[in-house]
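First the structure, in the form of structure tokens, and then the observations on it.
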Amino acid sequence: MTRTEKLLAELIALPSVNPAFASQGGASARQARLRYGEKQVADFLASVAARAGLELEFQKVLPGRSNVIARLRPRNKIRQTILLAPHLDTVGADDAQFVPRRKNGRLYGRGACDTKGSVAAMLTALSELAEAKSRPRETEIIFAGLIDEENAQAGSRALVASRLKADLALVGEPTRLRAVTAHKGSLWLQLETRGRAAHGATPQLGRNAVHEMARIVSWLETNYAAALRKRKHPLLGTGTVNAGQIHGGVQPNIVPDRCVLTIDRRTLPGETEAGVRREIMARLRARGLSAAMSSKKLAPCLPLETDPSLPLVRQFLRRTGQIRPVGVDFFCDAAVLSAGNIPSVVFGPGDIAQAHTADEWISLDSLERGRNLLFRFLTSLP
Ligand SMILES: [Zn+2]
């Protein structure tokens, strides 16, 4: 068993489900403490990093929830800083998924690919570098295990707020070891129509808010979706809209006076929340449709677009044997770090297709190659 695989198996056995996914009732306080939150994993990683001689710090973000930061300082003056930034939390799972299982060259368990695999590859590469005789003389390397990526990205937002400076962040997510420089953003927008209630026997006396919303849904899913398909980004394709959740009416014999729809709008680099809201409202008005709009996200999920011609990005691409960077559909911490002026590339072993599934796994070959690529890139730095 390699050092990376051993570390990953240990991480899977320490549940770190995001507390936002805590199920109500059932579990005792002790069970809940063992399952939810990143504390166990952060404490364990701190002990691993300390053994490798890395400098340690906990960055308190939320009650009982801290980012764990491990630093390798160069002997000479710091000329550049590389940040390795995977997240520590996972989505929920049943008990069996917290028991790592190895089968046919794969390691199964919650977080195997999203994103404890990246945690294991990044921290192992950095630990081995710290233990090696020759290592970068002028480059500082920081490992930051971040909390809360799966919910509101409180960890990466706190890291940016702490004014940490870095010249490149490698954000751990399962990208099949491809360097990703672009991903879409996500807006959850709520639309509300208002009508006038009346008896179900005399609907002509009321105004039906569900009917008005039905027209809006139809417009969003056909005309607006078609308009979005005309705007293409070279790495990401097009933005999308999904009318995902709707509530309206109280009972069949009352004309509904209120209907609420929540849409998920995936945005391209360059699109802003204010711009998207203006666009939708103006087009609805032009069709004689009326609704009020508000935002449903706790925090903005911006699109990511990192300039692939930045020297460190080019160097990383070369090391991973990639000619061109790629884009992905999923949102992650990279956008938050990037908005905080840290150029960010998403990179990690495993495939997003296995993330959040009932039998999450990672290929052990991908895991080991990830560690190797990271180690080679880090040792190549001045
Ligand atoms: Zn993830």
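The values are calculated or read from the model by the stated rules, or taken from the named source; none is laboratory data. Just so it is clear, the structure is predicted and the values come from calculations on it, not from any experiment. Cβ: placed from backbone, ideal geometry, glycine included. Neighbour counts: every protein chain shown.
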Residue match in the range 190-211 (condition: within 14 Å of the ligand (Cβ to nearest atom), crowded, with 21+ Cβ neighbours inside 10 Å and not in a strand (DSSP E or B)): no
Any hit, the range 224-239, residues being closer than 27 Å to D307 by Cα and either in a strand (DSSP E or B) or aromatic (F, W, Y) (or both): yes
Candidate set from the range 162-184 (those that are within 16 Å of the ligand (Cβ to nearest atom) and assigned to a strand (DSSP E or B)); member that is nearest to C259 (Cα to Cα): H183
Residues (closer than 13 Å to R73 by Cα and either outside any strand (DSSP E or B) or modelled with pLDDT under 95 (or both)) located in the range 135-161: R135, P136, R137, E138
Residue match in the range 340-353 (condition: on the phi < 0 side of the Ramachandran plot, out of contact with any strand residue (DSSP E or B) (no Cβ under 9 Å at 6 or more places or on another chain) and modelled with pLDDT of 95 or more): yes
Candidate set from the range 16-32 (those that are surrounded by fewer than 20 Cβ atoms within 10 Å (Cβ to Cβ) and either polar (S, T, N, Q) or within 13 Å of A112 (Cβ to Cβ) (or both)); member that is modelled with the lowest pLDDT: Q24
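Please work out which residue is nearest to the ligand (Cβ to nearest atom), limiting yourself to the range 133-161 and to residues that are acidic (D, E) and more than 30 Å from S294 (Cβ to Cβ).
Across the range 133-161, the extreme among qualifying residues is E140.
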Test for L7: is it more than 21 Å from the chain's Cα centre (by Cα), closer than 23 Å to E131 by Cβ and outside any strand (DSSP E or B): yes
Of residues in the range 312-339 being over 11 Å from A179 (Cβ atoms) and of a type in the set (D, E, K, R), the one farthest from the ligand (Cβ to nearest atom): D329
Residue check for A85: buried (at least 23 other Cβ atoms within 10 Å of the Cβ), within 28 Å of Q354 (Cβ to Cβ) and within 20 Å of the chain's Cα centre (by Cα): yes
Selection from the range 89-118 of residues that are part of a loop (DSSP other than H, G, I, E, B), more than 10 Å from the ligand (Cβ to nearest atom) and either among the small types (G, A, S) or at pLDDT 95 or above (or both): G92, A93, V99, P100, N104, G105, G109, R110, A112
Pair list, Cβ under 6 Å, 6 or more apart: the range 30-52 residue touching a residue at least 60 places away in the same chain (Cβ under 8 Å), other residue β-branched (V, I, T) and assigned to a loop (DSSP other than H, G, I, E, B): E38/I147
For A85: the one exception among (1) at pLDDT 95 or above; (2) within 16 Å of the ligand (Cβ to nearest atom); (3) not in a strand (DSSP E or B): (3)
